Amino acid sequence: MNVDPWQPPSPSLRRHGSLWIAEGECEVSYPDDSNESCFQLEDGSWWFRHRNDVLRDALHRHPPGGLLYDVGGGNGFQTQAFEEAGFPAVVVEPGTGALNAAKRGLSRIIQSSLAGAGFDSGSLPAVGMFDVLEHIEDETGCLTEIHRILRPNGRLYLTVPALTSLWSDEDVSAGHFRRYSRPSLRKALEKANYRIDEISYFMFWPVLPIFCLRSLPHRLGRLRPTTGNAESSPAGSPESKEDPPSEHRLPWFLAPFIQPIQELERRRLRHGGSQPFGSSLLAIATKISSR
């Protein structure tokens, strides 16, 4: 049996079978069963597929220049897409998602939180956090830690749920601390000493449905019934505790209209354009070295 010679740049990680594991555990603000729920629907989800398309295009515009560490990478769905597009990547995931990533056949997997991984300073070429930052209360501390472990001129790729006007019970259930605007995300990154290479909204067509079906009822105090299963939500990140996998499969009568709209958005972003609004935000930033 051939052993992958790759070894993560951390003295805190030990290899156990196909995984690199940190000693101890760190608490995360994320529903326990979300990874398993997402694992059942990611392959057939329009939301996850469109986000992957947008992210792959972003990597082509702004290449990572080495291994991309997908922090909070869940089940490895987007990591697998990056590798298939020619961008080698590493899943960094503290939960059961690391085991699901192994089921996908990924070979570089770290079962740990960012804090527990103990990466060496200046050791990572690039870091991705895709719908993760909103789950972290200490936003500045997280971005500063990523800045520490990135190489000089290393890149950070982010997606986050957008628009505070879309806040709803699903954000609370998902363990979100905030939704972002373009100015607030820019401010957070610049405060942590990053240069913004690109920042744009995306997922623009779901904004009105989300506002009408989630945010408005939340404002009116009408709570939606929830079950014990967390599902991924088109609101901007894996978040809802309802049981609506149908939200991730476009109805047959909508698909002919929605798919061209998504492709139009993708083409606009692919050519360096920017969306004026959307239920998600994409940002690409470069580490500015401290003087």
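The values are calculated or read from the model by the stated rules, or taken from the named source; none is laboratory data. Keep in mind that this is a model prediction, so the values were computed, not measured. As a convention, Cβ positions derive from the backbone with ideal geometry for all residues, glycine included, and neighbour counts pool all protein chains shown.
Residues in the range 63-81 that are within 24 Å of H147 (Cβ to Cβ), crowded, with 21+ Cβ neighbours inside 10 Å and in contact (Cβ under 8 Å) with a residue 40 or more places away in the chain: P64, L68, Y69, D70, V71, G72, G73, G74, Q78.
Within the range 217-226, the residues that satisfy the criterion of being surrounded by 14 or more Cβ atoms within 10 Å (Cβ to Cβ) and not in a loop (DSSP other than H, G, I, E, B) are P217, H218. Looking across the range 123-147 at every residue that is assigned to a helix (DSSP H, G or I) and among the β-branched types (V, I, T), the one that is surrounded by the most Cβ atoms within 10 Å (Cβ to Cβ) is identified as I146. Selection over the range 82-105 of residues that are surrounded by 23 or more Cβ atoms within 10 Å (Cβ to Cβ), among the aliphatic types (A, V, I, L, M) and in a loop (DSSP other than H, G, I, E, B) gives a count of 0. The single residue among R178, R108 that is crowded, with 20+ Cβ neighbours inside 10 Å and modelled with pLDDT of 95 or more turns out to be R108. Considering the range 244-291, the residues that are of a type in the set (D, E, K, R) and either in a strand (DSSP E or B) or at pLDDT 85 or above (or both) include one that is surrounded by the most Cβ atoms within 10 Å (Cβ to Cβ), namely K287. In this entry, G116 is excluded by the filter for residues that are assigned to a loop (DSSP other than H, G, I, E, B) and at pLDDT below 95.
When the test is whether a residue is modelled with pLDDT of 90 or more and either in contact with a His (Cβ under 7 Å, 6 or more places away or on another chain) or under 23 Å from N75 (Cα atoms) (or both), S237 does not pass it.
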